[in-house]
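Structure, as structure tokens:
Coordinate-derived values only; no laboratory data. Note that this is a predicted model, so its numbers are computed, not measured. Note that each Cβ is placed from the backbone with ideal geometry, even for glycine, and that neighbours are counted across all protein chains shown.
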Amino acid sequence: MTDQSPNPGSFGYSEKDVQREVSELQQKSATAARIFDLRRIIGGLFVLYGIIVTITGITDGQAAIDKAQGVNINLWTGIAMLLLGVFFLVWLTLRPTPPPAPEITPGPDDEPAAPGE
């Protein structure tokens with residue numbers, strides 16, 4: 001018995017199959033990167049917490065306002081959080097994550113272009 005290293009061709013995968021698998025994984029990775037863009041997560045959380053804090057500021061009693069030296073801090077903080085969250089979401093909309101450019105590799109059947117063409 002001889003200990004031979006596995007040959008890539010012995011598993012039934014051709015070079016074209018491997019390249020196809022790699023390109024599919026790159027597309028899935030790019031889609032995941034766009035879905036889990038930090039601007040979306042940060043913007044969504046700031047909007048959610050901003051709504052909660054703004055509602056708290058609207059419903060605060062006079063005792064809570066007096067405790068903050070006459071400033072309705074929950075209301076102002078909630079509004080600021082809402083504005084920051086909206087900023088992140090607008091930024092995401094105006095400048096989305098660009099998809100990666102596909103890598104073009106010449107295959108064995110492709111002929112290089114002749115000079116001057």
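In this label model, T97 and A80 are separated by 2.9 nm, measuring between points 7 Å along each Cα→Cβ vector. The stretch between F87 and T56 holds 9.0 nm of extra length on full extension. This uses 0.36 nm per residue minus the Cα-Cα distance. With each label modelled as a point 7 angstrom along the Cα→C-beta vector, the L45-S23 pair spans 3.8 nm. Can you list the HN-Hα couplings for region 63-70, worked out from phi with the Karplus curve (6.51, -1.76, 1.60; θ = phi - 60°), rounded to whole Hz and with x for Gly and Pro? 3J(HN,Hα) across region 63-70, in whole Hz: 5, 5, 5, 5, 5, 9, 6, x. Sparse packing (at most 11 other Cβ atoms within 10 Å of the Cβ) combined with a DSSP loop state is found for none of the trypsin sites (Lys or Arg not before Pro) in region 34-69.
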